[in-house]
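This structure is in structure tokens; I'll ask about it shortly.
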Amino acid sequence: MALFDKFKQLANHREALFHGGIDPGRVVIERILSPTHAIIDGRETVLFGTNNYLGLTFDEQSIDAGRAALSREGTGTTGSRMANGSYAGHAALERELADFFGRKHCVVFSTGYSANLGVLMGLAGPGDVIIIDADSHASIYDGCRMSGAEVFRFRHDDAADLDRRLKRLGSRASDALIVVEGLYSMLGDRADLARIAAVKAESGAFLVVDEAHSLGVFGATGRGVAEEAGVEAEVDFVVGTFSKSLGTTGGYCVSNHDELELLRYSSRPFVFTASPCPSVVACTRAALTNLRERPELRTRLWDNVRRLAGHLERLERPDRPPSPVVPILLSNPALAVETWKELLERGIYLNLVLPPAAPNGISLLRLSLSAAHSAADIDQVGDALVALLGGVMKSSPG
Amino acid sequence: MSEKATETRDLIFEVLRPFADEKGVSLSEGTELAADLDLDSMKIMEVLLEIEDRLDISIPQNILPNLRTLADLERELDALKTH
Ligand SMILES: Cc1ncc(COP(=O)(O)O)c(C=O)c1O
């Protein structure tokens, strides 16, 4: 196969689905108006695909903090922290996150993606074992591959299967690194962390939980699904991102293991990339303060989750526990594409997820809700989905 | 071909037969997982989960790049079984 043949395949595949028309890769937000509204193709559009769970992207405190840092500290750090040193803001953000999570250590990375790479490549290497949930995010798969460790999968969110696979590993199990997510990003299901933590405890392995979609969303103080399940003590490393509930970019890992600090020297995705911009760090710190001090944002988000669930009951979907990530599973990619386009024309943007990005070859429309959505926004998308899909959902897998 | 290897092959054929039937192809050593059976990486990983349980072995993800044909799969599984 010639070098570029694979692109022909990809181009043909896209052509067959989109017939040269609009696709998610080509959507341009001409103007962003608020955390939940934008102008797309000249039309005012409600955004339901942002992961902006707390609606903080236009928060005044965050913007002011970012603006001040921009004036004070400039546009960028122009290098990695190893080479150029850390700014005071980097260190402060790490202290604040460690404090929020009640952990001894925190390392901040430039993205959530590189946090997973950095943690997995930093903690595990050739000769080590990583065992991951089958539905893990691409960054977890990539981090595993780049670590050089031996990597095994267990069936999605199946603690008994994890247990079986750990037992199969024999004496190596007690040194294995188990990796799961708090809230799974595509299907919006939350991990059964109580049972996974129990299996982990029995095996003596280490547990990493990626709370990318659960920070600020779950738990009494917003620390995530591990907090909600009451098993934080069994979680050795929490990984996460600033790019969803905090509305900026960057990632982090917190832990009580002193070894985490050594990732600053040993982990290539920390060492060999530029550190987060001072303004981004300042915005993130302000957003974290918001997350901690305004639990009403979480309440508002969950009110919206329940409101949408009320609408979607009309679609006769099988019961799913309410979640800020709502998957609408469709029987085939063509229907998903058609519905996605139709919604966009009605001024509603949501995520179109086609295989292999969604697990098990399914196609889906994915919504993520925000504390900043109004009741009218929710009703608009609920009514549109029922109007477009009311008739066809019965034939869909769920 | 040792008896054990034949056993492995039987299992591989059994697990993959539904995919072969769907594509209307018959299975042989040279059958390619992606080109002939239309299995993408996600589907191959699903197949491996099933084989792991049937043989009660652990198959590392790391072998994925080595798997083009059924013969490759058989060779990798036999290597794991003798571990
Ligand atoms: C589970 C999970 N982990 C990590 C990431 C990567 O985060 P980021 O986009 O901030 O790099 C994402 C989101 O893309 C995610 O869904």
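Hey, got the dipole for the range B:3-81? About the Cα centre, +1 on K and R Cβ, -1 on D and E Cβ, debye to the nearest 20? Mind dumping the intermediate values first?
Details: 9 positive and 20 negative charges, 30 e Å.
Its charge dipole is roughly 140 debye.
In a shell of Cβ-Cβ distance under 14 Å around A:Y349, excluding A:Y349 itself, what net charge do Lys and Arg (+1) and Asp and Glu (-1) give?
Working: positive: A:R26, A:R31, A:R43, A:K341, A:R346, A:R366; negative: A:D23, A:E30, A:D41, A:E44, A:E342, A:E345, A:D377.
Taking every other residue near A:Y349 into account, the sum is -1.
Taking +1 at the Cβ of each Lys and Arg and -1 at the Cβ of each Asp and Glu, which of B:L48, B:A71, B:A34 sits farthest along the dipole of chain B towards its positive end, judged by Cα position relative to the Cα centre?
With unit charges placed on the Cβ atoms, the residue in question is B:A71.
Ratio of Rg to Rh for the range A:134-203, alpha carbon only, Kirkwood?
0.95
Let me ask something else. Considering only chain A, what is the antiparallel percent among its DSSP beta bridges, to the nearest 5?
Values: 27 of 45 bridges.
Given both bridge residues lie in chain A, the antiparallel proportion sits at roughly 60 percent.
Here's something else I'd like to know. How fast does chain A diffuse by Stokes-Einstein, in µm²/s, taking the Kirkwood radius from C-alpha pairs at 4 °C and 1.567 mPa s? Please list the in-between numbers first.
Working: Rh = 22.1 Å.
Roughly 59 µm²/s, to the nearest whole number.
For the range A:330-370, I need the span (max minus min coordinate) of the C-alpha atoms along each principal axis, in Å, sorted largest to smallest.
Per principal axis, max minus min of the Cα coordinates gives 29, 24, 12 Å.
Please list, short to long, the whole-number percent of alpha-carbon pairs of the range A:314-398 in consecutive 5 angstrom bins beginning at zero.
In whole percents, the pair-distance histogram is 3, 14, 26, 28, 20, 7, 2.
Cut-off 10 angstrom, C-alpha nodes, Gaussian network model of chain A. Which of A:R320, A:R72, A:R172 fluctuates the most?
Highest fluctuation among the options: A:R72.
Right, here's the next one. Do any GluC sites (Glu not before Pro) in the range A:295-376 lie in a DSSP loop with no more than 15 other beta carbon atoms within 10 Å, and if so, which? Don't jump to the answer; show the numbers that get you there.
Details: sites: A:E296, A:E313, A:E316, A:E338, A:E342, A:E345; in loops: A:E316.
Those satisfying the criteria are A:E316.
Restricting attention to the range A:1-56, which chymotrypsin sites (Phe, Trp or Tyr not before Pro) occupy a DSSP loop and are surrounded by at most 15 other Cβ atoms within 10 Å? Write out the running numbers ahead of the final one.
Values: sites: A:F4, A:F7, A:F18, A:F48, A:Y53; in loops: A:F4, A:F48, A:Y53.
Loop-located and lightly packed - A:F4.
Still on this structure: Calculate the dipole size of the protein assembly as shown relative to its Cα centre from +1 charges on Lys and Arg beta carbons and -1 charges on Asp and Glu beta carbons; express the result in debye to the nearest 20. Don't skip to the end; give the middle numbers.
Numbers: 50 positive and 69 negative charges, 224 e Å.
So the magnitude is around 1080 debye.
With the cut-off at 29 Å, tell me which of the pairs A:K167/B:K43; A:K6/A:K341; A:K200/B:K23; A:K6/A:K244; A:K8/B:K43; A:K6/B:K43 have Cα atoms farther apart than that. Mind showing how you got there, number by number?
Details: A:K167/B:K43 25 Å; A:K6/A:K341 26 Å; A:K200/B:K23 41 Å; A:K6/A:K244 32 Å; A:K8/B:K43 22 Å; A:K6/B:K43 19 Å.
Cα-Cα > 29 Å for A:K200/B:K23; A:K6/A:K244; rest within.
Let me ask another. What's log10 of I(q)/I(0) for the range B:10-83 at q = 0.17, 0.20 Å⁻¹, Debye sum over Cα points only, no solvent?
Those come out to -0.57, -0.81, one per q.
Something else now. Which residue, A:L315, A:C283, A:V235, has the largest displacement toward the positive end of the dipole of chain A when charges sit on each Cβ (Lys, Arg +1; Asp, Glu -1)?
A:C283
Which value at 222 nm does chain A reach when only helices count, each DSSP H run of 4 or more adding -39,500 (n - 2.57), with the total divided by all residues and rounded to the nearest 500 deg cm²/dmol? Write out the running numbers ahead of the final one.
On the way: 15 runs with 164 residues, N = 398.
Using -39500 (n - 2.57) per qualifying helix, the result is -12500 deg cm²/dmol.
Another question, if that's okay. Once the other residues with Cβ under 12 Å from the Cβ of B:L39 are scored (Lys, Arg +1; Asp, Glu -1), what is the net sum?
Working: positive: B:K23, B:K43, B:R68; negative: B:E22, B:E32, B:D36, B:D38, B:D40, B:E46.
Neighbourhood net charge equals -3.
Choose one of B:P18, B:I59, B:T82: the residue whose Cα lies farthest towards the positive end of the charge dipole of chain B (beta-carbon charges +1 Lys, Arg; -1 Asp, Glu; about the Cα centre).
B:T82
Computed from the coordinates by the stated procedures, all read-outs in this text should not be read as laboratory data. Bear in mind the structure is a predicted one, so any value in this text is a computation, not a measurement. Cβ: placed from backbone, ideal geometry, glycine included. Neighbour counts: every protein chain shown.
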